[in-house]
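Engineer: Mind looking over this structure? Questions follow.
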Amino acid sequence: MASIPVDKERGIDPHMAYCVRCNEDNGLTLGVLVKTVDDHGDTHYTQRGSTSKFNRERSKHGLPELYNWETVTDPSERIPSGLCDKCENEIDSFTEEVAKGGIYFKCAKCPTTGVLKHDCNLAKGVREQMGIEAPNPVGIEFEHCHEHGVEKEN
């Protein structure tokens, strides 16, 4: 069992974590965290003392190692922590519906994503036009919010 890195001044140094999909609170992190930014501007976090392990995992996937790690000292900094239970359940239900013949959608104007049910005429029409049968996934992008049921543009 790995030990939690403790800071002499901040102790177990908890930080609020958030769901990477919906941005809602998703628990706490414990232990001193470090972060760095990659060439694409994405921030990566790991516990102090785990940067070598982090880089080994990246290397396994053909990604370059990251350097210039700095300690996260701001107690209000929220840390990404994967998916919350609500989002995980929703994604599972989306996957099931798409396997039945539904289709994924996203909006070009707002962050809305979802699934059109398999018995929806638009879903049937898109699958027919694209020649993609269930359970293979397919999706569309709406150009305006009103197309997916939101009256005002965001």
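The values are calculated or read from the model by the stated rules, or taken from the named source; none is laboratory data. Everything numeric here is computed off the predicted structure, so don't read it as measured data. Cβ coordinates were reconstructed from backbone atoms using ideal geometry, including for glycine residues, and neighbour counts include every protein chain displayed.
Engineer: Being surrounded by fewer than 11 Cβ atoms within 10 Å (Cβ to Cβ) and either without any contact (Cβ under 8 Å) to a residue 12 or more places away in the chain or not in a helix (DSSP H, G or I) (or both) is the requirement here; does residue 44 meet it?
Structural biologist: no
Engineer: I'm trying to understand the selection: among the residues of segment 109-121, which are surrounded by 13 or more Cβ atoms within 10 Å (Cβ to Cβ) and of a type outside the set (Gly, Ala, Ser)?
Structural biologist: Within segment 109-121, 109, 110, 112, 113, 115, 116, 117, 118, 120 qualify.
Engineer: Mind telling me which of the residues 106, 35, 124, 86 ends up being touching a residue at least 12 places away in the same chain (Cβ under 8 Å), surrounded by 14 or more Cβ atoms within 10 Å (Cβ to Cβ) and in a helix (DSSP H, G or I)? Talk me through it step by step, then tell me what you get.
Structural biologist: Details: 106 fails: in a helix (DSSP H, G or I); 35 fails: in a helix (DSSP H, G or I); 86 fails: surrounded by 14 or more Cβ atoms within 10 Å (Cβ to Cβ).
Just one listed residue meets the conditions, 124.
Engineer: Can residue 84 be described as at pLDDT below 95 and in contact with a Cys (Cβ under 7 Å, 6 or more places away or on another chain)?
Structural biologist: On the way: at pLDDT below 95: no; in contact with a Cys (Cβ under 7 Å, 6 or more places away or on another chain): yes.
So residue 84 does not fit the description; no.
Engineer: Something else now. Could you list, in sequence order, all residues of segment 66-83 that are surrounded by 11 or more Cβ atoms within 10 Å (Cβ to Cβ) and not β-branched (Val, Ile, Thr)?
Structural biologist: 66, 69, 77, 78, 80, 81, 82, 83
Engineer: Got a sec? Which of 65, 9 is in contact with a helix residue (DSSP H, G or I) (Cβ under 7 Å, 6 or more places away or on another chain), without any contact (Cβ under 8 Å) to a residue 24 or more places away in the chain, part of a loop (DSSP other than H, G, I, E, B) and of a type in the set (D, E, K, R)?
Structural biologist: Just one listed residue meets the conditions, 65.
Engineer: Hey, residue 23 hits all of (1) polar (S, T, N, Q); (2) buried (at least 18 other Cβ atoms within 10 Å of the Cβ); (3) free of Cβ contacts under 8 Å to residues at least 12 places away in the same chain but one; which does it fall short on?
Structural biologist: (2)
Engineer: With the condition kept exactly as written, say whether any residue in segment 53-65 is under 20 Å from the mean Cα position of the chain (by Cα), closer than 30 Å to residue 119 by Cβ and surrounded by 14 or more Cβ atoms within 10 Å (Cβ to Cβ).
Structural biologist: Within segment 53-65 (the criterion being under 20 Å from the mean Cα position of the chain (by Cα), closer than 30 Å to residue 119 by Cβ and surrounded by 14 or more Cβ atoms within 10 Å (Cβ to Cβ)), the answer is no, since none of the residues qualifies.
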